[in-house]
């Protein structure tokens, strides 16, 4: 009996020593005050699973959150992307845009460090653009200045997205690559989406049930459904009186219909309205219809913008969830031209492109 007691005590001591020497799942260094709380948020579900406290410029985590990709969020201001796996993950987290964070230990250390390098480059490129946009919003920008800034911002985003897509494509069968693909898939062109869909078919079968993989494949499947030549996807929006009206009440009825998602606060949306007013005046007598869907939160803002911009076509209001679930809308303005048979002709045409297509459809 005494021998058994000694063996149990020895085993407990060994377990304690092993536990003391075990590295945490996640650890890091960061230049933040003691007591700062970091939220551990799943990139798959957006659920906060735990909080970490900064002590003496360091933090660590050895909790029960499942393996996966997470964001460490500091007071809602900044997030670092980290990974939980069977391999300990350690990071020197930077609070400065110009200084990339560095992963010192981790299963996908090299890939994630490259991601942080691209992220820093993007932040540095966007800083003067965002500053200029803020200054312009406070004053009265010169003609074309706002558009120039928007183009510069879009170019920076496209470059960042292209870098992430290339990084992920070069590292298949990898959960962090799936995370990168999820953040970039909506910015891909249709042909590139088809290439990605085919590439994902070759991934290991173990990833088939992965939630991020399923989300990416769902997005691609929706884009296939929305390709030119496919039947339009029906949706329901509300009138100012709260009555529900379906897009199918006008689309597919023998005349072309433009579906436009917009909002009162969206400057590019408002800027495109005068040209659309002119086109409507020209082509509506020939059968052209517009189905306007505002994504405003306040009906009053929507109604004021309709009156200010002299929008005479039928107007409706819906939530972002409607726009995203039906047409994968990630930004506005977003337009879909539908022919008389109810098939999608084109998306996001400019004023001249829309006029040209209407000339074809209304011959």
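Compute the relative contact order of the chain as a whole-number percentage, counting only Cα pairs closer than 8 Å that sit 6 or more residues apart in sequence.
With pairs under 8 Å counted, the relative contact order is 11 percent.
Panel order for 70, 118, 207, 179, by other beta carbons found within 10 Å of each beta carbon, from fewest to most: 207, 118, 179, 70.
Summary value for segment 271-352: 26 percent relative contact order, contacts being C-alpha pairs under 8 angstrom separated by 6+ residues.
Label segment 273-363 by shape, choosing from rounded, prolate and oblate, from the square roots a ≥ b ≥ c of the eigenvalues of the Cα gyration tensor; if a/c is under 1.5 it is rounded, and otherwise prolate applies when a/b is larger than b/c, oblate when it is not.
Verdict is oblate for segment 273-363.
In the chain, the longest principal axis of the Cα atoms and the axis of helix 145-169 are about 50 degrees apart. Taking a ≥ b ≥ c as the square roots of the eigenvalues of the alpha-carbon gyration tensor, segment 28-116 is classed rounded because a/c is under 1.5. Shape class for segment 191-242: oblate, because the ratio a/c of the largest to smallest gyration tensor axis (alpha-carbon atoms, square roots of eigenvalues) is 1.5 or more and b/c is at least a/b. Cβ crowding within 10 Å, taken as a proxy for footprinting-reagent exposure, orders 265, 80 from fewest neighbours to most as 265, 80.
Panel order for 306, 103, 185, 245, by other beta carbons found within 10 Å of each beta carbon, from fewest to most: 245, 306, 185, 103. Hey, what angle do you get for helix 211-225 against the long axis of the chain, alpha-carbon based, 0 to 90 degrees rounded to 10? Between helix and principal axis, roughly 10 degrees. Over the chain, dividing the summed -39,500 (n - 2.57) contributions of all DSSP H runs of at least 4 residues by the number of residues returns a 222 nm mean residue ellipticity of -14500 deg cm²/dmol.
The angle separating the long axis of helix 2-21 from the principal Cα axis of greatest extent in the chain is about 40 degrees. Once C-alpha pairs closer than 8 Å and six or more residues apart are averaged by separation and normalised to the residue number of segment 105-254, the relative contact order reads 16 percent. Its residue count N sets the reference 2.2 N^0.38 Å, and the alpha-carbon radius of gyration of the chain equals 1.26 times that reference.
Bear in mind that the values in this text are calculations on the coordinates, not laboratory data. Predicted, not measured: the structure shown is a model, and the values here were computed from it. Positions of Cβ are backbone-derived with ideal geometry, glycine not excepted, and every protein chain shown enters the neighbour counts.
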